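Below is one structure; the comments refer to it alone.
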Amino acid sequence: SREWHLTARPVGWPTPEDFALVEAEVPRPGEGQVLVRNKYVSVDPYMRGRMSAAKSYAAPYELGEAMQGGAVGEVVASRAEGIEAGDHVLHFLGWREYAVVDAKQAVKVDPEAAPLSAYLGVLGMTGLTAYAGLLRVASFKEGDSVFVSGAAGAVGSQVGQIARLKGASRVIGSAGSDEKVKLLVEEYGFDAAFNYKNGPVGEQLREAAPDGVDVYFDNVGGDHLEAAIGRLNRDGRIAVCGMISVYNNTEAAPGPKNLARLIQTRGRIQGFLVGDHYDLQPQFVQEVGGWVRSGELKYSETVVEGVENNLEAFFGVLRGDNVGKMIVKL
Ligand code: NDP
C-alpha cells in the first residue's frame, strides 16, 4: 500500500522535495477498527497549513508519517459492529491507498444515493462550508447582493448558486481564468463575474457590483478583501472562509487599508470554521441534495487519477488547475 509522507516543512510554495510516496504494509484492523481501500481522496487548501509547524485549528502533519485528509473508500475487512465488508465510509485518512480507521471516526455513506466523490465535495465538507458560511455566518437574506471570490472552486461555486437559489438580488464572482468566468455566468447562473488576473480587483468589482455588496464571502483575502470592504453596503457582512492568496507567503501580508469603512457601513467581518457547523448537516444535505437532484444546482469535479498523482493534485489546487472540487481517484 502506498502512502504520502511529509518529509520536510515547506517554506513558501511547497515542492515535490518536501514529500515522499512510501510503500507500507497493508495494516490490519484491531478491535473496533475497519480496513478501508480508499477510492476517492480529497486535496484541500487547508492542508497547506498542516504542513507548517505553527499551531492552528488542525494539528500539523508529523514529519515521516502518512498525511491525512478526507477520503471515501470501501471497507475490505471489519472488526467493528455496524460496519461490514462492502460498506462505503467517509473518513479522514486520505493520502494513501489503504487505511485502518477507528469505526468511531468513519461515517457510512450510501453509493446509491450519490456518487461517492460527492461526499467529499458538493454534499460534503466543502458544500457545508458554503451553506453554513453564507446562510449562518454571513446571515444571508433574500434580496442581498453577494460577492464571492474563488467562485469557480468547490466552496465558491456553491456559495454563488445557493445565493441565487435563495433569492439574491445579484450574484458576483471572481476567478482566475476567462474560461472559469464564462462557466460562472453561463453554467452556474452568476449575474456577473470577472477574472482577477485581468486588472485591479477594486476596479473590476466596482463595475460588476454597481449597487455595492451586502455579503462578501471571502475565499482569497488580500486585494479581494480590501476591494469588498470598499464596495460594502450599509449593514454589510463579510464571512472570512479562507485566504488562499496568502497561504504560501513567508511574511505576513498587509491588511486591508480601508477598515474604517466598517464604521460608516456598520459592517461586520466574521471568520468561521466549518467544524463548528455540523449541526446544519442534515438540513444542508436535504436542501442542497434536492437542488442537485433537480439540476438547479450544478457542480463540477476535477478528477486526477492515481495515488502517485495525489501530490500533483494538491499543487493543482494551490495553482488553480481545478474547476469545482479537486478529487483524486484511486
Ligand atoms: P477551491 O476549489 O476553491 O480551490 C482553490 C482555488 O483558489 C483555486 O482553484 C484557485 O482558483 C484559487 N486561488 C489560488 N490562489 C489564488 C490567489 N492568489 N488569489 C485568488 N484565488 C486563488 O478550494 P476550496 O473550495 O476547497 O476552498 C476555498 C477556500 O475556502 C480556501 O481558502 C480554503 O482554505 C477555504 N476553506 C475554509 C473552510 C473553513 O472551515 N473555514 C473549509 C473549507 C475551505 P483561481 O483559478 O480562481 O485562482
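The values are calculated or read from the model by the stated rules, or taken from the named source; none is laboratory data. The structure presented is a predicted model; accordingly, all values stated were derived computationally and were not measured. Note: ideal-geometry Cβ built from the backbone for every residue, glycine included; neighbour counts use all protein chains shown.
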Scanning the range 74-119 residue by residue, the ones that are within 18 Å of the chain's Cα centre (by Cα), touching a residue at least 40 places away in the same chain (Cβ under 8 Å) and within 25 Å of residue 23 (Cβ to Cβ) total 4
Pull up the range 152-177, narrow it to residues that are part of a loop (DSSP other than H, G, I, E, B) and within 9 Å of the ligand (Cβ to nearest atom), then point me to the one that is farthest from the chain's Cα centre (by Cα).
177
Say we look at the range 178-204 and pick out the residues that are within 15 Å of the ligand (Cβ to nearest atom) and aliphatic (A, V, I, L, M); which of these is surrounded by the fewest Cβ atoms within 10 Å (Cβ to Cβ)?
185
Of (1) over 16 Å from the mean Cα position of the chain (by Cα); (2) within 16 Å of the ligand (Cβ to nearest atom), residue 289 satisfies every one except (2)
Having 1 or more residues that are exposed (fewer than 15 other Cβ atoms within 10 Å of the Cβ) is the bar; report the strands (runs of 3 or more DSSP E) wholly within the range 228-330 that clear it.
232-240, 268-271, 301-305
I'm told residue 254 meets every condition in (1) without any contact (Cβ under 8 Å) to a residue 40 or more places away in the chain; (2) more than 13 Å from the ligand (Cβ to nearest atom); (3) under 28 Å from residue 166 (Cα atoms) except one. Can you identify the failing condition by its number?
(3)
If only one of 272, 194, 284 is in contact with a Lys or Arg (Cβ under 9 Å, 6 or more places away or on another chain) and either touching a residue at least 40 places away in the same chain (Cβ under 8 Å) or within 17 Å of residue 150 (Cα to Cα) (or both), which one is it?
272
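Collect the residues in the range 104-122 that are within 14 Å of the ligand (Cβ to nearest atom), crowded, with 23+ Cβ neighbours inside 10 Å and closer than 17 Å to residue 69 by Cβ, keeping them in residue-number order.
If the condition is that a residue be within 14 Å of the ligand (Cβ to nearest atom), crowded, with 23+ Cβ neighbours inside 10 Å and closer than 17 Å to residue 69 by Cβ, then 120, 121 are the ones that fit.
Condition first: outside any helix (DSSP H, G or I) and crowded, with 23+ Cβ neighbours inside 10 Å. Now tell me which residues in the range 210-227 satisfy that.
The answer is 213, 214, 215, 216, 217, 218, 219, 220.
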Looking only at the range 225-243, decide whether some residue is in contact with a helix residue (DSSP H, G or I) (Cβ under 7 Å, 6 or more places away or on another chain), among the polar types (S, T, N, Q), within 10 Å of the ligand (Cβ to nearest atom) and modelled with pLDDT of 95 or more.
no
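Can you go through 163, 152, 130, 114 and tell me which one is assigned by TED's automatic domain parsing to the domain that holds residue 52 and among the hydrophobic types (A, V, I, L, M, F, W, C)?
When all the criteria are applied, what remains is 114.
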